[in-house]
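Peer 1: I'd like to ask you about the structure that follows.
Bear in mind that the values in this text are calculations on the coordinates, not laboratory data. Note that the coordinates shown come from a computational prediction; the quantities given were computed from them, not determined experimentally. Cβ placement follows ideal geometry from the backbone for every residue including glycine, while neighbour counts extend to all protein chains displayed.
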Amino acid sequence: MAKLTKQHKSRRPATKRRPANQAPPTTVVQLANLQRRHAIKKQELCDAVGAIIIGEKAKRANISIVIVDDATIHRLNREFLDHDEPTDALSFLFESTKGYVEGEIIASADTAARAAKQFNWKFADELLLYVIHATLHLFGYDDQSAAKRRKMRQRERFYLYQFGRKPRHANATLQ
């Protein structure tokens, strides 16, 4: 499991501020890779969730990322959403109060690999997009109407740009 921040004792003065891109120490982002076909950039995925936590102004968060294969996400999609097909990512919000978010993101590496070929960009970029998209759902963004979808796509691009990526399918909708 990966943690977003390292907790350690410091001899720095208490008045020193935390860097703007570092999540508060009460934030935990963990990642479990339950598939073996595709190599993933664990730290980058955790850092993306951390960037969203900061960008959406949460004071604390506990978010788990689980990377799976298509068979697993298909089973979960059927069980929880009654959709009998694999999908790109699922979000499960466990708790959301002012300044705090707790949830889980499940993303399919197999779907990301197929879509990356389709859109002619890297697998890691597509998986990063899925994790960003799913994290935004945890923060209340929705893509069920055209107006809400536009706002969500704008935030996706904003966070992708922070990682030096420009989506190849900015106007496309995720499955």
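Peer 1: Rounded to the nearest 5, what % of the DSSP beta bridges within the stretch 27-162 are antiparallel ones?
Peer 2: Antiparallel: roughly 35 percent of the beta bridges in the stretch 27-162.
Peer 1: Dipole size in debye (nearest 20) for the stretch 55-131 around its Cα centre, Lys and Arg Cβ +1, Asp and Glu Cβ -1?
Peer 2: The dipole of the stretch 55-131 has a size of about 420 debye.
Peer 1: Past 26 Å, Cα to Cα, is the threshold; run Lys42/Lys117; Lys42/Lys98; Lys59/Lys117 against it and keep the listed order.
Peer 2: Violating the 26 Å limit, Cα to Cα: Lys42/Lys98; Lys59/Lys117.
Peer 1: Next question, about the same structure. For Ala61, what residues show an amide H to amide H distance below 5 Å, using hydrogens built from the backbone and excluding near sequence neighbours?
Peer 2: Thr27, Val28, Val101
Peer 1: Which whole number in µm²/s is D for the stretch 27-162 by Stokes-Einstein, with the Kirkwood Rh taken over Cα pairs at 25 °C and 0.890 mPa s?
Peer 2: After rounding, the answer is 164 µm²/s.
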